[in-house]
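S.K.: Sharing a structure below in structure tokens format, with a few things to ask.
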Amino acid sequence: MITFYRFILFACLILLSACRNNEPVKDSQLALMKTTNPKPVIISNKKHSDRVEEIKKDVSSHPELYDVAVVKGKKDTLVVYKVKHLHRFRMKAIEKNVNKMLEEKYPKENFTVSSDYKVFLEAVRLKEHIKSSDFSDQKAEKRFNEIVKMTEDMK
């Protein structure tokens with residue numbers, strides 16, 4: 001009887017493993033579970049790519065943060081990050097420090113800073129949509145503005 005139960009268990013494991021497709025996993029599917037480290041995204045003006053990379057590097061240098069996404073639109077720059085678990089009690093202070101550092105180092109930029117997971121996930125999804133060829137700059141800018149508005153509504 002024990003052999004029969006082991007056979008049933010083994011058959012179930014084989015069936016469950018066979019149901020898994022070998023499709024590539026998108027960053028947005030894993031964004032909340034692990035570090036995705038998405039590349040910075042520039043929606044409209046591609047000539048500021050080095051500045052956006054520098055912004056990401058500066059924000060990533062904070063020891064309390066472990067994943068940073070930067071999206072540059074026409075007017076605003078969205079900086080979204082994840083805070084390490086043990087530092088979550090100081091999230092307001094961390095956000096204040098990141099915002100102050102960005103405003104001092106890049107005074108001409110208009111920053112929207114957030115540590116919200118949903119906003120981070122939406123920024124990663126926007127990056128994936130931009131990579132697809134059927135997503136125009138107008139749609140990307142519209143979606144970017146919706147994400148920025150969502151960030152401001154949460155405060």
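S.K.: If you scan the stretch 1-49, which residues turn out to be open to solvent by less than 80 Å² (accessible area, probe 1.4 Å), under 24 Å from PRO107 (Cα atoms) and either modelled with pLDDT of 75 or more or among the hydroxyl-bearing types (Ser, Thr, Tyr) (or both)?
M.R.: PRO40, VAL41, ILE42, ILE43, SER44, SER49
S.K.: The conditions are (1) farther than 18 Å from THR151 by Cβ; (2) of a type in the set (A, V, I, L, M, F, W, C); (3) not in a loop (DSSP other than H, G, I, E, B), and PHE135 fails exactly one of them. Which is it?
M.R.: (3)
S.K.: Turning to a different aspect of this structure: Mind listing whichever residues of the stretch 99-123 are of a type in the set (Ser, Thr, Tyr) and modelled with pLDDT under 90?
M.R.: Answer for the stretch 99-123, where residues must be of a type in the set (Ser, Thr, Tyr) and modelled with pLDDT under 90: SER115, TYR117.
S.K.: Filter the stretch 50-98 down to residues that are of a type in the set (Phe, Trp, Tyr) and at pLDDT below 90 and give me whichever is most open to solvent (accessible area, probe 1.4 Å).
M.R.: Residue satisfying both the conditions and the ranking: PHE89.
S.K.: Which ones in the stretch 140-155 are closer than 8 Å to GLY73 by Cβ and either over 14 Å from the mean Cα position of the chain (by Cα) or open to solvent by 40 Å² or more (accessible area, probe 1.4 Å) (or both)?
M.R.: Keep residues of the stretch 140-155 that are closer than 8 Å to GLY73 by Cβ, which gives 141, 144-145, 148.
Correct list: GLU141, ASN145.
S.K.: Checking LYS74 against (1) over 20 Å from the mean Cα position of the chain (by Cα); (2) not hydrophobic (A, V, I, L, M, F, W, C); (3) not in a helix (DSSP H, G or I), only one condition comes out false. Which one?
M.R.: Failing condition for LYS74: (1).
The values are calculated or read from the model by the stated rules, or taken from the named source; none is laboratory data. Predicted model only: the values in this text are computed from it and were never measured. All Cβ positions, glycine included, derive from the backbone under ideal geometry; neighbour counts span all protein chains shown. Each accessible area value is taken on the protein alone, full model and side chains, heavy atoms only, with ligands, DNA and RNA left out. Shrake-Rupley method; radii C 1.70, N 1.55, O 1.52, S 1.80 Å.
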